[in-house]
Structures are given as structure tokens and as C-alpha cells.
Amino acid sequence: MILDGALATELERRGADLRDPLWSAKLLVEQPELINAVHRDYFEAGADLATTASYQATFEGFAARGIDASEASRLMRASISLAGLARDEFWSVASNRVGRSKPLIAASIGPYGAMLADGSEYRGHYAVSDAHLRDFHRRRLEVLTTAGADVLACETIPSLREALALVEVLAEFPTTVAWISFSCRDGEQTHEGQAIAECAAQLHDCAQVVAIGVNCTAPAHIGSLLRHLRSGTDKPLIAYPNSGEHYDASGKHWHGEPGAASFASDARTWYEQGARLIGGCCRTTPADIRAIKAWARQLSTPTS
Ligand SMILES: [Zn+2]
């Protein structure tokens, strides 16, 4: 399955100003039509799935902007209906249905650190209890599990502790399935420092977790991380790295050079290492998704 790429990067390219603690969720309030357009771009590039603009959409974050709980719920639901609408518009054109299955909608569940908006999704070590983490996630899952998404994308999770808090809460919504994707500091460990193989092993027995993997991590680390993940689970693996640039939380911008490798050739390697859901995270574009799609098309086309 081919995932989409960065939402925020594309929104900025279309002129949105995302320098805000709500990040792309800000546009749910101000310019929902831009979100719709970016989802459509990714379907056209070949994505089999859209990840919603709910990554940083939280009750706490909206409250800080004077948005009350009922309006916050409405905006979170709107992130899913926007993606669904873009999907349905795309799918209504007969030529778009040739040789592919109807794209799915994944509700983005960002980590606790994304709500803090201080870059701690790339550090972990939250100064709150497990119960507090569960309460934070439960409140949002109560909304996002009933809004029509096909799967929850629990993504950029910096620690095993937060992943375990999430699966505990997930059990309270037994008909919901999710993928759990970690952000990692190197080819072996989450940002907080747990071995990724151990993370995979600890999530392996949770039937509601349909894929385990890594996102928002430099492409150079993905191969090694997939090998370690595979040693802990035989579930489908998921990989959607960022461009390889680094995020500066204080200045709220990305710096450095993108990784040299291309998504098309990397996708092949990641596939061979067990990744069955492949896409891009921050700073990736529809061109990257198109490159993965071109490679995947070769894979599914008989050569003789
Ligand atoms: Zn990212």
C-alpha cells in the first residue's frame, strides 16, 4: 500500500502560513479547501491512503486558541470528512479507478509531544504519568474512532511508553484498528532510546495493531530499523520517512539537506525488508509518492 506524503509541506507550498502551535490543524479552521486540494494531489500521485490533518488537532491545543470542546470535536471530525470527500471526488472519475483499489482514510493520531508543540515528539521523556497519557489519547480517540476513518495512524511516537499507553486505550475501542509508527533517533532506537525491536515485540500481541513501523525519521535509518522491527514481529511493517532534514522546534522550521537517495529506489529496498505500507512524512511531496507508485507499478506488471 502506498501512503501519502507530507501534508504541511504541501499546504505551505500552496501559501498557507503554518507557524502556529496548531500547525496544519489550523487550516481546519481557516482554509479547509486547501487540505482537500492536497489530499487530492496525493491520490492523483498514486496514494492508496490519505492521512488526515488531525495530527496536531487536540482538545488542549484548540482550547489554547479559545476553541471550546464541542467545536474542537467538530473540527477533528471535519479532518476525516475532508479526506473522505477528496477521496470520493477522486474516485467518482472512472479513469481514476483503473488498476487500483479505493483509497482508505487514516485518522492521524499525533503523539502527546505534538500537542505540546515544543518538538518533544522527537525527544520523548514526557514529564507526565502513564494515566495522563492515556487520558489525553482517550479523549481524542472517543471522537476520531467514530468519525468514519478506516484505520488510526498513531504516528511519530517517540517512546515505547506512549505506544503502550495508546494500545491500552485502543482496547477500549475494540472495533478500531491502528498502526503504531515510531520516530527514531538512529537505525536502532526510538527518539527516547528504546530498542525498536523491543517495541515491535511488545506490540506484536495486540490484534488491533495491524502494522508497526517508523515515520518522520531520516531515510538513511529506515533499512536498519526495518531489520530490527522484523526481529520483533511478523506483522506488516510500515515506513514513511521524512526527507532527511532536521526539525528545529524553537524556530519551527526545517534545516539541513534532504537525504540523497530517491524514494523510488529506497522503496524497493524497504519493500524487500518487509515494508508493506510505504510513503513519506515531513518535507516529502507528491513527486516522491509518484516515484514510489512508478516503482510499484513495475512490481505488479508481468515482465514477460
Ligand atoms: Zn513528519
Could you tell me which of the residues H228, H246, H191, H221 is within 16 Å of the ligand (Cβ to nearest atom), open to solvent by 30 Å² or more (accessible area, probe 1.4 Å) and in contact with a helix residue (DSSP H, G or I) (Cβ under 6 Å, 6 or more places away or on another chain)?
H191
If a residue must be in contact with a Gly (Cβ under 8 Å, 6 or more places away or on another chain) and either among the small types (G, A, S) or within 16 Å of the ligand (Cβ to nearest atom) (or both), how many such residues does the stretch 267-282 contain?
5
In the stretch 24-50, which residues are among the hydrophobic types (A, V, I, L, M, F, W, C), surrounded by fewer than 23 Cβ atoms within 10 Å (Cβ to Cβ) and not in a helix (DSSP H, G or I)?
L49
In the stretch 163-186, residues that are away from the ligand (no atom under 16 Å from the Cβ) and under 19 Å from A57 (Cβ atoms) total 7
Could you please give the count of residues in the stretch 2-55 that are more than 16 Å from the ligand (Cβ to nearest atom) and at positive phi?
2
Taking only the stretch 129-141 into account, find how many residues are surrounded by fewer than 16 Cβ atoms within 10 Å (Cβ to Cβ) and either touching a residue at least 24 places away in the same chain (Cβ under 8 Å) or closer than 15 Å to A153 by Cβ (or both).
1
Qualifying residue in the stretch 178-185 (condition: polar (S, T, N, Q), in contact with a Gly (Cβ under 8 Å, 6 or more places away or on another chain) and modelled with pLDDT of 95 or more)
yes
Within the group A69, A107, A45, A94, which residue is out of contact with any strand residue (DSSP E or B) (no Cβ under 7 Å at 6 or more places or on another chain) and within 26 Å of R283 (Cα to Cα)?
A45
Of everything in the stretch 64-100, what is under 29 Å from A117 (Cβ atoms), open to solvent by 60 Å² or more (accessible area, probe 1.4 Å) and part of a helix (DSSP H, G or I)? Give them in sequence order.
S70, E71, R74, R77, S81, L85
Residue under question is C199, and the condition is that it be assigned to a loop (DSSP other than H, G, I, E, B) and of a type in the set (A, V, I, L, M, F, W, C); does it hold?
no
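Go over the candidates C206, C216 one by one and state the one that is closer than 20 Å to G113 by Cβ and of a type in the set (A, V, I, L, M, F, W, C).
Values: C206 fails: closer than 20 Å to G113 by Cβ.
The conditions single out C216.
A quick yes/no check of all residues on (1) at pLDDT 95 or above; (2) within 16 Å of the ligand (Cβ to nearest atom); (3) touching a Phe, Trp or Tyr at 6+ places or on another chain (Cβ under 9 Å):
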position	(1), (2), (3)
E121	no, yes, yes
D130	yes, no, no
R134	yes, no, no
H137	yes, no, yes
T145	yes, no, yes
L152	yes, no, yes
E155	yes, yes, yes
L160	yes, no, yes
Of the residues that make up the stretch 3-10, is at least one open to solvent by 10 Å² or more (accessible area, probe 1.4 Å) and over 14 Å from the mean Cα position of the chain (by Cα)?
no
Out of the residues in the stretch 252-266 meeting the condition of being more than 16 Å from the ligand (Cβ to nearest atom) and open to solvent by 40 Å² or more (accessible area, probe 1.4 Å), tell me which one is modelled with the highest pLDDT.
S265
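The values are calculated or read from the model by the stated rules, or taken from the named source; none is laboratory data. Nothing here was measured: the structure is a model prediction, and the numbers come from that model. When we count neighbours, we look across all protein chains shown, and the Cβ atoms used for this are built from the backbone with ideal geometry, even at glycine. SASA here: full protein model, heavy atoms, side chains in, ligands and nucleic acids out. Shrake-Rupley method; radii C 1.70, N 1.55, O 1.52, S 1.80 Å.
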